[in-house]
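Peer 1: The structure is given below, and queries will be raised subsequently.
The values are calculated or read from the model by the stated rules, or taken from the named source; none is laboratory data. All values derive from a computational prediction rather than experimental measurement. Here the Cβ positions follow ideal geometry from the backbone for every residue, glycine too, while neighbour counts run over all protein chains shown. Accessible surface is based on the protein model in full, side chains and every heavy atom, while ligands, DNA and RNA are left aside. Shrake-Rupley method; radii C 1.70, N 1.55, O 1.52, S 1.80 Å.
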Amino acid sequence: MTKEQDDSLVDRVYSRLLGEILNGTLAPGAKLSEPKIAATEDVSRAPVREAIRRLEERGLVTHRLRQGVRVIVPDETMRANLMAVRGALEGLAARQAAENATDSERASLAVMLDAHRDKLEREGPVDYWQSNVNTDFHHRVATLSRNSHLIDLINDRFWPLFQLVRRARRDEPGRIRRSYVEHRRIANAIIDRDGDVAELLMRRHIEAAFIT
(Lines give C-alpha, C1' and ligand atoms only; values in the text may rest on other atoms or scores of the structure.)
Protein backbone atom coordinates (compact mmCIF):
# COMPACT_ATOMS: atom_id res chain seq x y z
CA MET A 1 0.00 0.00 0.00
CA THR A 2 1.32 3.46 -0.92
CA LYS A 3 1.77 6.33 1.51
CA GLU A 4 -1.11 8.16 -0.20
CA GLN A 5 -3.38 5.17 0.41
CA ASP A 6 -2.26 4.96 4.04
CA ASP A 7 -2.97 8.66 4.50
CA SER A 8 -6.40 8.24 2.91
CA LEU A 9 -7.29 5.48 5.37
CA VAL A 10 -6.17 7.61 8.30
CA ASP A 11 -8.20 10.56 7.01
CA ARG A 12 -11.28 8.37 6.66
CA VAL A 13 -11.03 6.92 10.15
CA TYR A 14 -10.21 10.31 11.67
CA SER A 15 -13.18 11.98 9.96
CA ARG A 16 -15.51 9.20 11.12
CA LEU A 17 -14.36 9.37 14.73
CA LEU A 18 -14.34 13.17 14.76
CA GLY A 19 -17.89 13.26 13.44
CA GLU A 20 -19.08 10.79 16.06
CA ILE A 21 -17.45 12.79 18.85
CA LEU A 22 -18.95 16.08 17.67
CA ASN A 23 -22.46 14.70 17.10
CA GLY A 24 -22.49 12.88 20.44
CA THR A 25 -22.46 9.30 19.13
CA LEU A 26 -19.19 8.98 21.05
CA ALA A 27 -20.23 10.77 24.22
CA PRO A 28 -17.84 12.42 26.71
CA GLY A 29 -16.05 9.63 28.59
CA ALA A 30 -16.73 7.02 25.88
CA LYS A 31 -13.90 4.55 25.31
CA LEU A 32 -12.28 4.16 21.89
CA SER A 33 -11.25 0.58 21.18
CA GLU A 34 -8.63 0.17 18.44
CA PRO A 35 -9.69 -3.42 17.60
CA LYS A 36 -13.38 -2.53 17.38
CA ILE A 37 -12.78 0.57 15.28
CA ALA A 38 -10.44 -1.35 12.97
CA ALA A 39 -13.06 -4.05 12.49
CA THR A 40 -15.84 -1.53 11.86
CA GLU A 41 -13.76 0.41 9.34
CA ASP A 42 -12.26 -2.76 7.82
CA VAL A 43 -8.70 -1.49 8.24
CA SER A 44 -5.64 -2.53 10.18
CA ARG A 45 -4.96 -1.02 13.59
CA ALA A 46 -2.19 1.25 12.25
CA PRO A 47 -4.47 3.89 10.64
CA VAL A 48 -6.78 3.71 13.66
CA ARG A 49 -3.85 4.38 15.96
CA GLU A 50 -2.78 7.38 13.84
CA ALA A 51 -6.32 8.74 13.71
CA ILE A 52 -6.59 8.50 17.50
CA ARG A 53 -3.22 10.25 17.79
CA ARG A 54 -4.63 13.15 15.78
CA LEU A 55 -7.66 13.34 18.05
CA GLU A 56 -5.41 13.34 21.09
CA GLU A 57 -3.25 16.07 19.52
CA ARG A 58 -6.35 18.24 19.20
CA GLY A 59 -7.36 17.65 22.80
CA LEU A 60 -10.48 15.61 21.99
CA VAL A 61 -9.41 12.35 23.62
CA THR A 62 -7.09 11.35 26.44
CA HIS A 63 -5.00 8.23 26.89
CA ARG A 64 -4.57 7.12 30.49
CA LEU A 65 -2.99 4.07 32.03
CA ARG A 66 -5.53 1.28 32.70
CA GLN A 67 -8.35 3.46 31.31
CA GLY A 68 -7.46 3.39 27.64
CA VAL A 69 -8.40 6.13 25.20
CA ARG A 70 -11.54 8.07 26.09
CA VAL A 71 -13.35 11.12 24.80
CA ILE A 72 -12.63 14.09 27.04
CA VAL A 73 -15.17 15.16 29.64
CA PRO A 74 -14.99 18.97 29.71
CA ASP A 75 -15.26 20.41 33.22
CA GLU A 76 -16.04 24.01 34.10
CA THR A 77 -12.38 24.99 34.53
CA MET A 78 -11.49 23.62 31.13
CA ARG A 79 -14.48 25.32 29.54
CA ALA A 80 -13.67 28.67 31.14
CA ASN A 81 -10.03 28.51 30.08
CA LEU A 82 -10.91 27.46 26.57
CA MET A 83 -13.54 30.17 26.20
CA ALA A 84 -11.01 32.78 27.34
CA VAL A 85 -8.62 31.64 24.62
CA ARG A 86 -11.44 31.49 22.11
CA GLY A 87 -12.60 35.00 22.94
CA ALA A 88 -9.11 36.42 22.42
CA LEU A 89 -8.50 34.56 19.17
CA GLU A 90 -11.91 35.12 17.62
CA GLY A 91 -12.12 38.72 18.78
CA LEU A 92 -8.88 39.43 16.92
CA ALA A 93 -10.14 37.47 13.91
CA ALA A 94 -13.31 39.61 13.79
CA ARG A 95 -11.25 42.80 13.98
CA GLN A 96 -8.95 41.69 11.18
CA ALA A 97 -11.87 40.44 9.08
CA ALA A 98 -13.35 43.95 9.32
CA GLU A 99 -10.01 45.36 8.19
CA ASN A 100 -9.09 42.84 5.48
CA ALA A 101 -12.20 41.30 3.90
CA THR A 102 -12.97 42.32 0.31
CA ASP A 103 -16.28 43.82 -0.73
CA SER A 104 -17.37 40.52 -2.27
CA GLU A 105 -16.44 38.64 0.91
CA ARG A 106 -18.46 41.07 3.00
CA ALA A 107 -21.41 40.52 0.70
CA SER A 108 -20.99 36.74 0.97
CA LEU A 109 -21.00 37.01 4.77
CA ALA A 110 -24.38 38.75 4.61
CA VAL A 111 -25.66 36.04 2.28
CA MET A 112 -24.47 33.36 4.73
CA LEU A 113 -26.37 34.99 7.60
CA ASP A 114 -29.50 35.23 5.44
CA ALA A 115 -29.20 31.49 4.77
CA HIS A 116 -28.74 30.82 8.49
CA ARG A 117 -31.86 32.87 9.27
CA ASP A 118 -33.88 30.92 6.72
CA LYS A 119 -32.57 27.60 8.04
CA LEU A 120 -33.36 28.57 11.61
CA GLU A 121 -36.92 29.56 10.69
CA ARG A 122 -37.47 26.51 8.50
CA GLU A 123 -35.85 23.72 10.49
CA GLY A 124 -35.55 24.98 14.05
CA PRO A 125 -32.64 25.58 16.44
CA VAL A 126 -31.13 22.08 16.58
CA ASP A 127 -30.58 21.72 12.85
CA TYR A 128 -29.35 25.31 12.66
CA TRP A 129 -26.74 24.56 15.31
CA GLN A 130 -25.53 21.46 13.48
CA SER A 131 -23.70 23.41 10.80
CA ASN A 132 -20.60 21.96 9.22
CA VAL A 133 -17.23 23.59 8.79
CA ASN A 134 -18.22 25.11 5.43
CA THR A 135 -21.25 26.92 6.87
CA ASP A 136 -19.90 27.77 10.32
CA PHE A 137 -19.95 31.52 10.99
CA HIS A 138 -16.88 31.50 13.24
CA HIS A 139 -14.92 29.47 10.71
CA ARG A 140 -15.79 32.00 7.99
CA VAL A 141 -14.84 35.02 10.08
CA ALA A 142 -11.46 33.47 10.85
CA THR A 143 -10.89 32.88 7.14
CA LEU A 144 -11.77 36.49 6.34
CA SER A 145 -9.12 37.73 8.79
CA ARG A 146 -6.44 36.71 6.26
CA ASN A 147 -4.16 35.98 9.21
CA SER A 148 -2.71 32.52 8.51
CA HIS A 149 -1.81 31.94 12.15
CA LEU A 150 -5.32 32.75 13.37
CA ILE A 151 -6.85 30.64 10.61
CA ASP A 152 -4.70 27.68 11.62
CA LEU A 153 -5.50 28.02 15.33
CA ILE A 154 -9.24 28.65 15.00
CA ASN A 155 -10.13 26.54 11.96
CA ASP A 156 -7.82 23.59 12.52
CA ARG A 157 -6.22 23.37 15.94
CA PHE A 158 -9.15 24.51 18.10
CA TRP A 159 -12.28 24.28 15.93
CA PRO A 160 -13.19 20.66 16.81
CA LEU A 161 -12.60 21.34 20.52
CA PHE A 162 -14.70 24.51 20.36
CA GLN A 163 -17.47 22.48 18.72
CA LEU A 164 -17.33 19.77 21.37
CA VAL A 165 -17.47 22.22 24.25
CA ARG A 166 -20.28 24.30 22.77
CA ARG A 167 -22.47 21.21 22.29
CA ALA A 168 -23.38 21.53 25.96
CA ARG A 169 -25.13 24.86 25.25
CA ARG A 170 -27.19 23.88 22.23
CA ASP A 171 -30.28 22.82 24.19
CA GLU A 172 -30.49 25.88 26.42
CA PRO A 173 -33.82 27.69 25.80
CA GLY A 174 -33.39 30.57 23.37
CA ARG A 175 -29.60 30.41 23.24
CA ILE A 176 -29.34 29.36 19.60
CA ARG A 177 -31.72 32.09 18.43
CA ARG A 178 -29.81 34.67 20.46
CA SER A 179 -26.61 33.34 18.97
CA TYR A 180 -27.92 34.04 15.48
CA VAL A 181 -28.78 37.63 16.42
CA GLU A 182 -25.27 38.09 17.83
CA HIS A 183 -23.77 36.65 14.64
CA ARG A 184 -25.74 39.16 12.59
CA ARG A 185 -24.48 42.09 14.67
CA ILE A 186 -20.88 40.92 14.34
CA ALA A 187 -21.31 40.49 10.59
CA ASN A 188 -22.75 44.00 10.29
CA ALA A 189 -19.71 45.44 12.08
CA ILE A 190 -17.39 43.53 9.73
CA ILE A 191 -19.37 44.73 6.71
CA ASP A 192 -19.13 48.30 8.06
CA ARG A 193 -15.33 47.86 8.44
CA ASP A 194 -15.58 48.68 12.15
CA GLY A 195 -12.86 46.53 13.72
CA ASP A 196 -13.34 47.89 17.24
CA VAL A 197 -17.02 46.99 17.34
CA ALA A 198 -16.51 43.66 15.57
CA GLU A 199 -13.94 42.58 18.15
CA LEU A 200 -16.02 43.78 21.10
CA LEU A 201 -19.16 42.03 19.86
CA MET A 202 -17.33 38.79 19.14
CA ARG A 203 -15.80 38.73 22.62
CA ARG A 204 -19.21 39.38 24.18
CA HIS A 205 -20.71 36.65 22.00
CA ILE A 206 -18.15 34.09 23.16
CA GLU A 207 -18.64 35.12 26.80
CA ALA A 208 -22.43 34.86 26.48
CA ALA A 209 -22.13 31.34 25.10
CA PHE A 210 -20.25 30.37 28.26
CA ILE A 211 -22.23 32.10 30.99
CA THR A 212 -25.81 31.70 29.69
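Peer 1: Measure of size requested: the Rg and Dmax of region 7-121, with Cα atoms as the atom set and Å as the unit; please supply both.
Peer 2: 18.8, 55
Peer 1: About the Cα centre, and with charges only on the beta carbon of Lys, Arg (+1) and Asp, Glu (-1), how big is the dipole of region 1-87? Nearest 20 debye, please.
Peer 2: Computed about the Cα centre, the dipole is about 320 debye.
Peer 1: Largest first and in whole Å, what are the equivalent-ellipsoid semi-axes of the chain based on the Cα gyration tensor, each being the root of 5 times an eigenvalue?
Peer 2: Each semi-axis is √(5λ); the values are 33, 19, 16 Å.
Peer 1: What residues have an amide H closer than 5 Å to that of residue 61, excluding those fewer than 5 places away on the same chain, when H is modeled at 1.01 Å from N in the peptide plane?
Peer 2: So residue 61 has HN proximity to 56, 72.
Peer 1: Taking +1 at the Cβ of each Lys and Arg and -1 at the Cβ of each Asp and Glu, which of 63, 97, 77 sits farthest along the dipole of region 26-153 towards its positive end, judged by Cα position relative to the Cα centre?
Peer 2: Result: 63.
Peer 1: Near the amide H of residue 32, under 5 Å away, which other amide H atoms are found, from residues 5 or more places off or on another chain, if H is placed in the peptide plane?
Peer 2: 69, 70, 71
Peer 1: How many nm separate the modelled label positions at residue 76 and residue 104, each set 7 Å beyond the Cα in the direction of the Cβ?
Peer 2: Placing both labels 7 Å beyond Cα along the Cβ direction yields 4.9 nm.
Peer 1: Against the longest principal axis of the chain, how steep is helix 175-191, in degrees 0 to 90 to the nearest 10, with axes from Cα atoms?
Peer 2: Relative to the chain, helix 175-191 is tipped by roughly 60 degrees.
Peer 1: Return the FRET efficiency for the residue pair residue 31, residue 57: r is the Cβ-Cβ distance, R0 is 22 Å, and the value is rounded to the nearest 0.05.
Peer 2: That pair, residue 31 with residue 57, gives E of 0.75.
Peer 1: Same structure again: If you place +1 on the Cβ of every Lys and Arg, -1 on the Cβ of every Asp and Glu, and leave all else neutral, what size is the dipole of the chain about its Cα centre, to the nearest 20 Debye?
Peer 2: 660 debye
Peer 1: Can you pull the percent of the chain's accessible area that's carbon plus sulfur, 1.4 Å probe, other chains left in place?
Peer 2: 52 percent
Peer 1: Let me ask another. Need one number: nm distance between label points at residue 207 and residue 20, each 7 Å from Cα along Cα→Cβ, rounded to one decimal.
Peer 2: Placing both labels 7 Å beyond Cα along the Cβ direction yields 4.0 nm.
Peer 1: Say R0 is 45 Å: what FRET efficiency, to the nearest 0.05, do residue 39 and residue 122 get from their beta-carbon distance?
Peer 2: 0.70
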